[in-house]
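The values are calculated or read from the model by the stated rules, or taken from the named source; none is laboratory data. Worth saying up front: this structure is predicted, and the values here are computed from it rather than measured. We place every Cβ from the backbone using ideal geometry, glycine too, and count neighbours over all the protein chains shown. Ligands, DNA and RNA are stripped out before the accessible areas are found, and what is left, the full protein with its side chains, is counted by its heavy atoms. Shrake-Rupley method; radii C 1.70, N 1.55, O 1.52, S 1.80 Å.
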Amino acid sequence: MSEALGTNGLVLNEPLLWERGKKGRRAFSMPAADVPPNPLPAELTGEGPDFPDLGEIEVVRHYTRLSTWNFGVDTGLYPLGSCTMKYNPKINEKLAGVPGFAAAHPLLPTALSQGALQLMHDLERFLSEITGLDAVTLQPAAGAHGELTGMLIVHAYHRSRGRQRTKILIPDTAHGTNPASAALCGYAPVPVPSGPDGVILPETVAALMDDETAGIMITNPNTLGLFEENMPEIARIVHSRGGLVYGDGANMNAVLGMVRPGSIGVDILHLNLHKTFSTPHGGGGPGAGPVAVRKDLSRFLPSPRIVERNGVYALSADFPESVGRVVAYHGHFGVLLRAYAYILSMGPDGLKEASRFAVLSANYIRERLKDVLHPAFDRPCMHECVFTDRNQQASGVTTLEMAKRLIDHGYHPPTIYFPLVVHGAIMIEPTETETKEELDGFIEAFRSIVREAGENPQALREAPSRTKVKRLDETAAARNPCLAG
Ligand SMILES: *Cc1c(COP(=O)(O)O)cnc(C)c1O
């Protein structure tokens, strides 16, 4: 077992506070009271739980240690494909904490919120520029919420043309949220099989596209980490039958400054600020999924919208065709602020450089693992590389077992068994923020696991072996969670 940095990061052991302490211990020392005691009201003095008596240091150590159980990108490599777990520069956090922003109340009158409104207005312009689309809403609270907003816009568009449609084309590699968002808006998702090279072929779209189809939802680069190179042709086919092209921009981290979706036929696109634009995510924290649209669709964007006249910013609900408000107040302002800081501090060249490094890192891993793991496609990838379990099938070792073994080496496992079209998929997205040494450590760990799969497959079946909790029965854990530690 290699002793990589962070090897202990996932090895956890901490008893419950109830198992510690001694009767009579106190976590504080107060001076003797100089006022007469005032007894508690009767309703507060009944029988309660027998709380453990603990010293201050026991409490401090317990909670400090527990706080280190949160594995995050600040503690180690987090190569979760499709999630873009890049490092978030701390300057973004510092700016998000500036009191004028952090303490601003969403109900402040606009005259007192000019700075916040200007920031949001400028961010809309940056995102317009980056996506090559004309207008942006910052309201949606996550990528999936952006998709829902986009589908509402598709719906409003067809309604405005006098005839609603019933179906949406969605590639078989799509993120599960795509069909869910379409279905929420009443559209039946129609799967589009990807071609042998992992990308969508125009002829497949042409055969499925009809006058009942409202449009296509397409992720580019797609969830196999491949660039949908037929985008312009696919968009032409969809448009020629009166449909709209929705772009899932969750993977924009691969193409910033290189491809503007609006220039290759996309009409509506969401971005995941918490992926591409470097704000913390995971664990259900807030995100932001702004939606950018072509000019003639801007009348459907959620309202109120931020408008500027002679340097004065205001919120206007004067958009009669708007799909309405999709979030309370103005979206997740703290996330917008971090993205704004990130974009400004990187600048256009820096963003482009980030994408180039993201693609380089993924291809480096792909090249250095391809003699032991079987790449899903025989071509360079974009920001993430996908392998199948073909080489391990003889030994019977599964993708899940290899992923679990990575934990023993101190690495967070990559995304596994997604996308569904790849057998035993292993999807690695290193992002641009890792050093070569870190990538090399991960590659060595994976190579040694593959060796072990051949020599001692039993060790993998029992992995992880160095963690507090060993292999879980995941179904039982989900159905009957034991939260006591
Ligand atoms: C992450 C992701 C989404 C969903 O975004 P959330 O912010 O998690 O709702 C949608 N599509 C793709 C391709 C993604 O990677």
Could you please find all residues in the range 378-402 being in contact (Cβ under 8 Å) with a residue 12 or more places away in the chain, over 24 Å from the mean Cα position of the chain (by Cα) and within 18 Å of residue 200 (Cα to Cα)?
379
Those residues of the range 215-247 which are open to solvent by 10 Å² or more (accessible area, probe 1.4 Å) and away from the ligand (no atom under 16 Å from the Cβ), in sequence order:
229, 230, 232, 233, 236, 237, 239, 240, 241, 242
Name the residues in the range 251-262 that are within 18 Å of residue 294 (Cα to Cα) and touching a strand residue (DSSP E or B) at 6+ places or on another chain (Cβ under 9 Å), would you?
252, 261, 262
When residues of the range 427-459 are filtered for being over 11 Å from residue 361 (Cβ atoms) and within 17 Å of the chain's Cα centre (by Cα), how many remain?
1
Mind listing whichever residues of the range 422-480 are among the polar types (S, T, N, Q), under 28 Å from residue 13 (Cα atoms) and in contact (Cβ under 8 Å) with a residue 40 or more places away in the chain?
448, 465, 467
Out of curiosity, is residue 469 within 27 Å of the chain's Cα centre (by Cα) and over 28 Å from residue 278 (Cα atoms)?
yes
Of 335, 327, which residue is of a type outside the set (Gly, Ala, Ser), in contact with a Pro (Cβ under 9 Å, 6 or more places away or on another chain) and not in a helix (DSSP H, G or I)?
327
Flag for residue 21 being under 30 Å from residue 444 (Cα atoms), open to solvent by less than 40 Å² (accessible area, probe 1.4 Å) and modelled with pLDDT under 90
no
The residue from 259, 359, 266 that alone is in a loop (DSSP other than H, G, I, E, B), open to solvent by 20 Å² or more (accessible area, probe 1.4 Å) and among the β-branched types (Val, Ile, Thr) is 259
Which helices (runs of 4 or more DSSP H) sit wholly inside the range 434-481 and have at least 3 residues that are under 30 Å from residue 358 (Cβ atoms)?
436-455
Qualifying position, being away from the ligand (no atom under 15 Å from the Cβ), open to solvent by 50 Å² or more (accessible area, probe 1.4 Å) and either touching a Leu at 6+ places or on another chain (Cβ under 7 Å) or within 22 Å of residue 335 (Cα to Cα) (or both), among 123, 108:
108
Subset of the range 40-86 that is modelled with pLDDT of 85 or more, in a loop (DSSP other than H, G, I, E, B) and hydroxyl-bearing (Ser, Thr, Tyr) - its residue that is surrounded by the fewest Cβ atoms within 10 Å (Cβ to Cβ):
75
Looking only at residues that are part of a loop (DSSP other than H, G, I, E, B) and within 17 Å of residue 122 (Cα to Cα) in the range 275-300, which one is nearest to the ligand (Cβ to nearest atom)?
289
Breaking point among (1) open to solvent by less than 10 Å² (accessible area, probe 1.4 Å); (2) more than 16 Å from the ligand (Cβ to nearest atom), for residue 272:
(2)
